[in-house]
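Notes for the one structure printed next.
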There are 2 protein chains.
Amino acid sequence: MNETVGFIGLGVMGRPMAKHILAKGHKLVGCNRSRGPVDDIVKAGGTAAETPADVARRATIIITMVPDTPDVELVLSGPNGVLTALQRGSVVIDMSSISPVVTRKLAAQVAAHGGTMLDAPVSGGEVGAINATLSIMIGGDAEALKRVRPILECMGNPERIVHIGSEPGSGQVCKVCNQMAIGGALAGVSEAFAIAQKAGVDLSRVREALLGGFASSRVLEVHGERMIKKNYVPGFRTRLYQKDLRLANEVAAAHGVAAPATAVVTQLVNALVAAGGADLDYSALGTVLFKLAGIA
Amino acid sequence: MNETVGFIGLGVMGRPMAKHILAKGHKLVGCNRSRGPVDDIVKAGGTAAETPADVARRATIIITMVPDTPDVELVLSGPNGVLTALQRGSVVIDMSSISPVVTRKLAAQVAAHGGTMLDAPVSGGEVGAINATLSIMIGGDAEALKRVRPILECMGNPERIVHIGSEPGSGQVCKVCNQMAIGGALAGVSEAFAIAQKAGVDLSRVREALLGGFASSRVLEVHGERMIKKNYVPGFRTRLYQKDLRLANEVAAAHGVAAPATAVVTQLVNALVAAGGADLDYSALGTVLFKLAGIA
């Protein structure tokens, strides 16, 4: 592949992801609000861009990896944004986790400028970004995905790069589903562990028994162990999970879906953040219930 | 092993379980409220007992597998109950899913009569009973468990027969934890699938993507597929899950634990039963949310 990749947003996730693309021999131009991470990319063999528009002038595959919906809107449609300078035929890949509804609007804007937008949110957190083992959920045109797949494969497991649907926003819907499924499982395990502790039953035995049966889940396996060891070093920070749950509730409302378990998970996360847990791993959700139950 | 096994409660679960014990060459005496299943056991090489007391006179390992807490109380402590004729040194194994609190009381009564009680609820449903692949969660004395383990291994996978704790009721607490962990995961997957459907995203793709990552669970794998195929043939009946959730809420109250996700799951199950779903597989919980969202 001879195309230059642009990478906008070189934070905790974006920086290692961009470096993996460089490491596989691709040309890459990096852009970030603060200068430090850009210098780092230049050291790793990339080049620096001052603005998203500057990226769009020099790259035909443009990745955005920024915190939230308004950030993507600003980077794409704002002043000095990607759309002010997009080359016809370019592919914009938004790997942030943002609103599927806004994603559809942005995809239409990119199309109106002669480009194609894919939404490609990830799962796997900092560890997945650093180890290039991210799961990637993609919405948008299959041909565009085929073209950029070698770039995505620099960052994630090939078999976990899943085309969810051709409709823009499908990847973001899937990401929301992912966070909702995790949330329900996490609340269930937390409540189960609260009861086991109060009943004086060894959590490790409960975890072992449950992993052998129908209650088995990655949440029970990994977060269950975190709860037993009281290890809440992130991992995935509660403040980011809180954002994802806000999206989930927005999407539920937009589509007329009642999501009562997600509502409970959201309230527990709100309580955790209020108690000072924003920068703990989100598996600390259980501690809210443990404290309520008087467990040290 | 030369001991005779008594088996009280030859229903959907108990009958195949008792037959597995017979098939492994053990002596077994069966007892059931209605006569049909007892005749079946006799045909399979067992003998028949008229009452639980009759079982206790003839067997030194006595298994109970009945629907609910009052049934176990009746069979053990009622008129013509096991305790009226228990031989000293006998082991009573309650494999029903019942209240851990009542279990502690019954274990003390059995001990006062010179016996030992183990609580050993199972997970795996009718299929697990028929295929002898049950998971078994055991509370009570380790020596007694060692003695009866060959009998338990007739019904469940050896590596899934887990001693949860020496305290009576530990197995029942673990079973409650199991149902709570499943419930949270099930509600999360149901809400995620409701959103995916309303957003026009292919459920199979969502399931596939989520199974590759942190949202992966047996519930997503098996019940997710049931939801996609709209196959709610049990499996495990909603009316039984409703009973288990009643226990979970009782245990939460008894131990001063707030279990808001379990509360949501309970309400959804109540709604499913009210809508006529008591004999559907409990994965039909999702249909309550699908209907609310106007999904056919």
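Where Rh denotes the Kirkwood radius from the mean inverse Cα pair distance, what is Rg over Rh for segment A:238-296?
For segment A:238-296, the value is 1.03.
Taking just the alpha carbons, could you work out the radius of gyration and Dmax for segment B:1-145, both in angstroms?
Here Rg and the maximum Cα pair distance are 13.7, 38 Å.
Please build a GNM for chain A, connecting alpha carbons under 10 Å apart, and tell me which residue among A:13, A:227, A:95 fluctuates the most.
In this elastic network of chain A, the residue with the biggest mean-square fluctuation among A:13, A:227, A:95 is A:227.
Given a cut-off of 18 Å, what percent of all Cα-Cα pairs of segment B:202-262 lie beyond it?
54
What is the magnitude of the charge dipole of segment B:213-296 about its Cα centre, with +1 placed on the Cβ of each Lys and Arg, -1 on the Cβ of each Asp and Glu, and no other charges, expressed in debye to the nearest 20?
In debye, rounded to 20, segment B:213-296 gives about 160.
What figure in square angstrom, to the nearest 10, would you give for the accessible area of residue B:84 with a 1.4 Å probe?
Here the residue's solvent-accessible area equals roughly 90 Å².
Just to check, using Stokes-Einstein with a Kirkwood Rh over alpha carbon pairs, what's the diffusion coefficient of segment B:129-230 at 20 °C and 1.002 mPa s in µm²/s?
135
Find the Rg to Rh ratio for chain B, where Rh is the Kirkwood radius over alpha-carbon pairs and Rg uses the same atoms.
1.01
Rounded to the nearest 500, what is the 222 nm mean residue ellipticity of chain A from helices alone, with -39500 (n - 2.57) per DSSP H run of 4+ residues and division by all residues?
Theoretical 222 nm ellipticity from helices: -15500 deg cm²/dmol.
Along Cα→Cβ at 7 Å, what distances in nm separate the residue A:267 label point from those on the other copies, shortest first?
Reported distances to equivalent positions: 0.8 nm.
Taking a cut-off of 20 Å, what percent of all Cα-Cα pairs in segment B:133-192 are separated by more than that?
The proportion of pairs with Cα distances above 20 Å equals 35 percent.
So for B:40, A:119, what's the accessible-area order with a 1.4 Å probe, most first?
Sorted by accessible area, descending: B:40, A:119.
Every other copy gets compared here: list the nm distances from the residue A:126 label point (7 Å along Cα to Cβ) to its counterparts, shortest first, one decimal.
5.0
Given 10 °C and 1.306 mPa s, how large is the Stokes-Einstein diffusion coefficient of segment A:42-92 in µm²/s, with Rh as the Kirkwood radius over Cα pairs?
Using the Kirkwood radius from Cα pairs, D works out to 141 µm²/s.
Viscosity 0.890 mPa s, temperature 25 °C: give me the Stokes-Einstein translational D for segment A:95-186 in µm²/s, with Rh taken as the Kirkwood radius over C-alpha pairs.
184
Mind telling me which of A:229, A:24, A:105 comes out most flexible in a GNM of chain A, alpha-carbon contacts under 10 Å?
Its mean-square fluctuation being the largest, the pick is A:229.
Pick from B:254, B:181, B:108: which residue has the top mean-square fluctuation in a GNM of chain B where Cα pairs under 10 Å get a spring?
B:254
Could you calculate the FRET efficiency of residue A:295 with residue A:159 from 1/(1 + (r/R0)^6), where r is the beta carbon distance between them and R0 is 30 Å, rounded to 0.05?
For R0 = 30 Å, the calculated efficiency reads 0.15.
Using only the alpha-carbon atoms, what does segment A:1-51 span along each of its principal axes? Please give whole angstrom values in decreasing order.
Extents along the principal axes: 29, 19, 16 Å.
Label point 7 Å out from residue B:275 along Cα-to-Cβ: which residues of segment B:188-209 have amide N under 13 Å?
B:190-191, B:194
Two-decimal Rg/Rh of the protein assembly as shown from alpha-carbon positions, Kirkwood Rh?
1.08
Please give every one of the aspartates and glutamates within straight-line cross-link reach of residue B:230, meaning a C-alpha to C-alpha distance under 13 Å, and leave out same-chain neighbours fewer than 8 residues apart.
Partners within reach: B:281.
Could you tell me the relative contact order of segment A:30-149? Use alpha-carbon pairs under 8 Å, at least six residues apart, and round to a whole percent.
Answer for segment A:30-149 is 19 percent.
Provide the descending list of Cα extents for segment A:173-292 along its principal axes, expressed in whole angstroms.
On the principal axes, segment A:173-292 reaches 43, 33, 24 Å in Cα extent.
For the pair residue A:254 and residue A:87, what calculated FRET efficiency results from E = 1/(1 + (r/R0)^6), where r is the Cβ-Cβ distance and R0 = 41 Å, to the nearest 0.05?
The formula returns an efficiency of 0.80 here.
Averaged across orientations, what area in nm² does the convex hull of the alpha carbons in segment A:16-75 project?
Value for segment A:16-75: 4.0 nm².
Give the average, rounded to an integer, of partner chain Cβ atoms located within 10 angstrom of each Cβ in B:156-162.
Average neighbour count from other chains, rounded to a whole number: 3.
Would you mind computing, in nm to one decimal, how far apart the modelled labels at residue B:43 and residue A:57 are, each placed 7 Å from Cα along Cα→Cβ?
Placing both labels 7 Å along Cα→Cβ, they lie 8.7 nm apart.
For residue B:44, go 7 angstrom from Cα along the Cα-to-Cβ vector, then report the distances to that same point in the other copies in nm, smallest first.
The answer, with the shortest distance listed first, is 6.2 nm.
For the pairs B:146/B:175; A:175/B:229; A:243/A:291; A:198/A:291; A:175/B:198; B:19/B:105, flag any whose C-alpha to C-alpha distance is greater than 19 Å.
B:146/B:175; A:175/B:229; A:243/A:291; B:19/B:105
The values are calculated or read from the model by the stated rules, or taken from the named source; none is laboratory data. Small disclaimer: the values here were computed from a predicted structure and weren't measured. All Cβ positions, even for glycine, are placed from backbone atoms using ideal geometry, and neighbour counts span all protein chains on display. The accessibility values were calculated without ligands, DNA or RNA, using every heavy atom of the protein model including side chains. Shrake-Rupley method; radii C 1.70, N 1.55, O 1.52, S 1.80 Å.
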